[in-house]
Amino acid sequence: MRVSLFITCLADQLYPEVGESVVRLLHRYGCEVDFPEAQTCCGQPAYNSGYQDEAREVARQFIRAFEHSDYVVSPSGSCTGMVHHYYPQLFEKEPVWQAKAEALIGKTYEFSQFLVNVLGVKDLGAELPVKATYHPSCHATRLLGVHEEPGELLRNVKGLELIDLPKKEDCCGFGGTFSVKMADISEAMVCEKAGHVCSTGANVLIGSDMGCLMNIDGRLNKENKPVRVMHLAQVLEEGVKRSESKSRN
């Protein structure tokens with residue numbers, strides 16, 4: 001199975017280790033992974049700021065980059081949601097490009113979606129004895145309908161105690177450009193989210209979008225809270241490595 005990695009801007013520039021974890025896990029299940037170097041931003045920042053013409057040009061380049069991929073997998077529900085839900089709107093007056101967008105949508109998946117729904121993998125044999133809580137990002141749940149997949153994967157991690165996050169459906173306050181345009185409101189929201197994370201007593205916060213995790217991690221660090229923040233792919237890979245190390249010993 002040939003898979004192209006859509007790394008996203010945040011992961012590429014700030015959290016490349018997340019992409020590395022995704023690739024190693026996909027290799028584990030027989031996927032041949034490539035990285036189209038022509039890929040760019042998906043266009044979400046421009047689109048959310050009202051620059052639709054500019055977002056359309058970025059989207060064209062994005063479509064070109066992945067046009068010949070069999071599958072496209074991304075460690076971000078937000079960026080994947082942009083492709084799925086807003087590309088058709090961007091090209092509603094351009095039938096040729098809209099058809100190309102629809103074809104891309106049909107093969108583009110968020111990481112946990114791909115593992116569970118395409119590869120049929122729910123138990124990676126991972127082991128990680130930590131107390132954790134999971135933050136479900138807004139775009140992954142509301143735009144993509146990713147509800148059960150992360151939980152299915154985490155529940156099969158041996159030793160991981162998963163604590164339900166209070167008011168987990170609430171936004172963390174990042175929202176990309178929202179956190180810049182509405183900084184005071186964004187800060188209030190992330191303070192509330194960090195408080196809920198700490199109330200669980202978890203020592204690890206897990207999520208599927210680095211934008212959310214970056215925002216919450218920044219607040220936790222500012223408050224000197226000893227909570228480790230990890231992407232779902234990092235948790236699974238670390239758990240797999242731990243399990244395999246124990247088997248060898």
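Laboratory data are not the source of any read-out in this text; all were calculated from the coordinates shown. These numbers were taken from a predicted model, which means no experiment stands behind them. Note: ideal-geometry Cβ built from the backbone for every residue, glycine included; neighbour counts use all protein chains shown.
Structure summary
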| quantity | calculated |
| --- | --- |
| Inter-label distance, nm, simple model (7 Å from Cα along the C-beta direction), THR177/GLU54 | 0.7 |
| Hypothetical label at GLU94: residues of segment 36-66 whose amide nitrogen lies under 16 Å (7 Å Cα-Cβ projection) | 40-44, 46-47, 51-66 |
| Distance in nm between pseudo-label sites at CYS9 and LYS122 (7 Å out along the Cβ direction from Cα) | 3.7 |
| Dipole of the chain, positive direction: furthest Cα of THR177, VAL18, GLY43, with charges on the beta-carbon | VAL18 |
| Dipole magnitude of segment 43-92 about its Cα centre (Cβ charges: Lys, Arg +1; Asp, Glu -1), debye to nearest 20 | 60 |
| Environment charge at LEU104 (Cβ cut-off 13 Å; Lys +1, Arg +1, Asp -1, Glu -1) | +1 |
| GLU37/ASN156 FRET efficiency (R0 41 Å; Cβ-Cβ; nearest 0.05) | 0.75 |
| Mean projection area, nm², convex hull over Cα of segment 62-208 | 10.0 |
| Packing-based ranking, highest mean first, of 185-191, 18-24 given that Cβ atoms within 10 Å are counted | 18-24, 185-191 |
| Charged-residue dipole, Cβ positions (Lys, Arg, Asp, Glu), the chain about Cα centre, Debye nearest 20 | 520 |
| Sites HIS85 and ARG228, calculated FRET efficiency, Cβ-Cβ separation with R0 41 Å, nearest 0.05 | 0.80 |
| Over segment 131-248: Kirkwood hydrodynamic radius from C-alpha pairwise inverse distances, Å | 14.7 |
| Note, ³J(HN,Hα) from phi for segment 37-46, Karplus 6.51, -1.76, 1.60, rounded to Hz, x at Gly and Pro | 6, 7, 5, 10, 4, 6, x, 4, x, 5 |
